[in-house]
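S.K.: Dropping a structure here in structure tokens format, bear with me for questions.
Quick note: the coordinates plus some simple rules give every number you see, no bench work behind them. The structure presented is a predicted model; accordingly, all values stated were derived computationally and were not measured. All Cβ positions, glycine included, derive from the backbone under ideal geometry; neighbour counts span all protein chains shown.
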Amino acid sequence: MNALDPKEFPSTPPAARLEREAMAWPPAAWERSPCAWRDDVACGAEAFVPYAPGQNAHGAVAVPAPGARSGYGTVVREIVETVVLTAVIFVGIRLMVQNFRIEGRSMEPTLHTGQYLLVNKLAYFGPSEPGRGDIIVFQAWNQDKDFIKRVVGVPADTIEVRDNCVHVNGSCMDEPYLDQPTTDPIGPIVLRADEYYVLGDNRSNSSDSRAYGPLPRDRIVGKAWVTYWPPEDIGLVPNGSSFASGK
């Protein structure tokens, strides 16, 4: 926008020139009519072109650029992306965590029937291995279902039940989570490199390694991690190493 030249428009007051410089240029059509109050504007109004959707400021119809997506296509794409992302997240979570419902009384008094918990499937990934005292979920020996028991023997251990106690490598295990002794003499049994000995905490009401033998490593699903139902039981599952001690 060019300023008004005082020499070319000597009759234009300085204030009018400043106002002229601050206004949009060229002026609107109504300002260029023969009856316009400004004497520095050419007369002759331009034809009025009503605005219509899809037109630009000059009345030309806007043509979408090549490859431009319609509103419908954008919505479909966003829905597909959301579904794919949700599926990826779900699969990722399932690879790491699995929910499990306690059925039966085999883990009392530690866990009770009807409780829901999360199983950490990555707990024994890589070099980590189940330890004595860990509560694990595994595929049952001869059933198409998962069991939950406590590890009392790891590979190379010698397990023997006698004198109302589980002996590991000749020493009686300290098992503070029990409310009853372990009866029914068993063993001695030497565990191989890929075997674990698992028992329920409710020793008088549990189907475990005493009935089915050692548990193969490849049947272990993961480590019991968090109880999330019922609300009053929310918290970490009381795993913990139980060390063999002499009695």
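S.K.: Test of understanding: among 232, 195, which residue is more than 17 Å from residue 149 (Cα to Cα) and of a type in the set (D, E, K, R)? Break it down into steps so the answer makes sense when it comes.
M.R.: On the way: 195 fails: more than 17 Å from residue 149 (Cα to Cα).
After applying the criteria, what remains is 232.
S.K.: Hey, any hits in the range 160-176 for a residue that's out of contact with any helix residue (DSSP H, G or I) (no Cβ under 8 Å at 6 or more places or on another chain), crowded, with 19+ Cβ neighbours inside 10 Å and among the polar types (S, T, N, Q)?
M.R.: No, every residue in the range 160-176 fails to be out of contact with any helix residue (DSSP H, G or I) (no Cβ under 8 Å at 6 or more places or on another chain), crowded, with 19+ Cβ neighbours inside 10 Å and among the polar types (S, T, N, Q).
One line per residue, one yes/no per condition, for (1) under 11 Å from residue 197 (Cα atoms); (2) not small (Gly, Ala, Ser):
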position	(1), (2)
100	no, yes
104	no, no
114	no, no
118	no, yes
131	yes, no
135	no, yes
144	no, yes
149	yes, yes
159	yes, yes
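S.K.: With respect to residue 192, is the statement that it is of a type in the set (Lys, Arg) and surrounded by 13 or more Cβ atoms within 10 Å (Cβ to Cβ) true? Even if it seems obvious, please write down each step before you answer.
M.R.: Numbers: of a type in the set (Lys, Arg): yes; surrounded by 13 or more Cβ atoms within 10 Å (Cβ to Cβ): no.
For residue 192, the condition - of a type in the set (Lys, Arg) and surrounded by 13 or more Cβ atoms within 10 Å (Cβ to Cβ) - is not met.
S.K.: Can we say residue 179 is part of a loop (DSSP other than H, G, I, E, B), surrounded by fewer than 13 Cβ atoms within 10 Å (Cβ to Cβ) and touching a residue at least 60 places away in the same chain (Cβ under 8 Å)? Step through it out loud before you land on a result.
M.R.: Numbers: part of a loop (DSSP other than H, G, I, E, B): yes; surrounded by fewer than 13 Cβ atoms within 10 Å (Cβ to Cβ): yes; touching a residue at least 60 places away in the same chain (Cβ under 8 Å): yes.
Here the answer is yes, as residue 179 does meet what is asked.
S.K.: Here are some conditions: (1) touching a Gly at 6+ places or on another chain (Cβ under 9 Å); (2) surrounded by fewer than 22 Cβ atoms within 10 Å (Cβ to Cβ); (3) of a type in the set (D, E, K, R). Residue 144 meets all but one. Which one does it not meet?
M.R.: If we test residue 144 against (1) touching a Gly at 6+ places or on another chain (Cβ under 9 Å); (2) surrounded by fewer than 22 Cβ atoms within 10 Å (Cβ to Cβ); (3) of a type in the set (D, E, K, R), just (1) comes out false.
S.K.: Out of the range 182-208, which residues are in contact (Cβ under 8 Å) with a residue 60 or more places away in the chain, among the small types (Gly, Ala, Ser) and not in a loop (DSSP other than H, G, I, E, B)? Walk me through how you get there before you give the answer.
M.R.: Here is the first cut: in the range 182-208, the ones in contact (Cβ under 8 Å) with a residue 60 or more places away in the chain are 196, 198, 200-202, 205-208.
Then drop every residue that is not among the small types (Gly, Ala, Ser), which leaves 200, 206-207.
Of everything in the range 182-208, nothing turns out to be in contact (Cβ under 8 Å) with a residue 60 or more places away in the chain, among the small types (Gly, Ala, Ser) and not in a loop (DSSP other than H, G, I, E, B).
S.K.: What is the residue count in the range 211-229 for residues that are buried (at least 20 other Cβ atoms within 10 Å of the Cβ) and not in a strand (DSSP E or B)?
M.R.: 1
S.K.: Looking only at the range 105-136, how many residues end up being surrounded by fewer than 21 Cβ atoms within 10 Å (Cβ to Cβ) and among the hydrophobic types (A, V, I, L, M, F, W, C)?
M.R.: 4
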